[in-house]
1. Over 31 Å between C-alpha atoms is what I'm after, so list which of K22/K81; K81/K108; K31/K90 land there.
2. How far, in nm, would the chain grow between E5 and V60 when pulled straight, counting 0.36 nm per residue and subtracting the alpha carbon separation?
3. Ratio of alpha-carbon Rg to the 2.2 N^0.38 Å globular estimate for the chain, to two decimals, please.
4. Of all the C-alpha pairs in the stretch 1-72, what % are more than 20 Å from each other?
5. Run the reach check for K2 against aspartates and glutamates, Cα to Cα strictly under 16 Å, same-chain hits fewer than 8 apart removed. What comes back?
6. Which of the GluC sites (Glu not before Pro) found in the stretch 1-86 are in a DSSP loop and have at most 10 neighbouring Cβ atoms, other than their own, within 10 Å?
7. What is the list of residues in the stretch 60-104 whose amide nitrogen lies under 17 Å from a point 7 angstrom out from the Cα of S111, following Cα to Cβ?
8. Points 7 angstrom from Cα along the Cβ direction at L124 and S100: gap in nanometres?
Amino acid sequence: MKISEVSEKYNIPVDTLRYYEKAGLLPNVQKNESGIRDYSESDCNWVEFIKCMRSAGLPVKVLKRYIDLFHMGDSTLNERKQILIDERKKLIEKRDAIQSTIERLDYKINSYEHTIAICEKELLKRK
């Protein structure tokens, strides 16, 4: 699959895919005899994984470490698992912080709605 097709399929800019290659996140993308990138199914699976992890906020550095460990083989299983556990914990903490903020906003919005309702009631009395 050409880079433009991968870009369209995963809604990732071509420049971002090139950056991922340069950063070592997609180190094995083959090129044909004309020098055009030819993404394999495996490459596309990595693109999908990287997109998911980046959208969750994982830094490129963490992904690079994970991918390097993956290429080292099964002797790194525990370290890769720990990376995922650590990142999951960070995401849960972010989710909890976001939930707390949503609850605070809901409280403030409800306060405004209550105040507005009182003001509207007072205006109706004056008529």
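1. Distance filter (> 31 Å) returns K81/K108; K31/K90.
2. Extra length available between E5 and V60 comes to 17.5 nm.
3. The value comes to 1.73.
4. Working: 570 of 2556 pairs.
Value for the stretch 1-72: 22 percent of Cα pairs lie more than 20 Å apart.
5. Once the sequence-local aspartates and glutamates are set aside, what remains near K2 is D15, E21, E33, D38, E41, D43, E48.
6. Passing both the DSSP loop test and the Cβ count: E33.
7. Under 17 Å, as judged by backbone N against the label point of S111, lie 100-104 of the stretch 60-104.
8. 3.9 nm
Throughout, read-outs are computed from the coordinates displayed, never taken from laboratory work. Because the structure is a prediction, the values reported are computed rather than measured. Cβ atoms come from the backbone with ideal geometry, glycine included; neighbour counts cover every protein chain shown.
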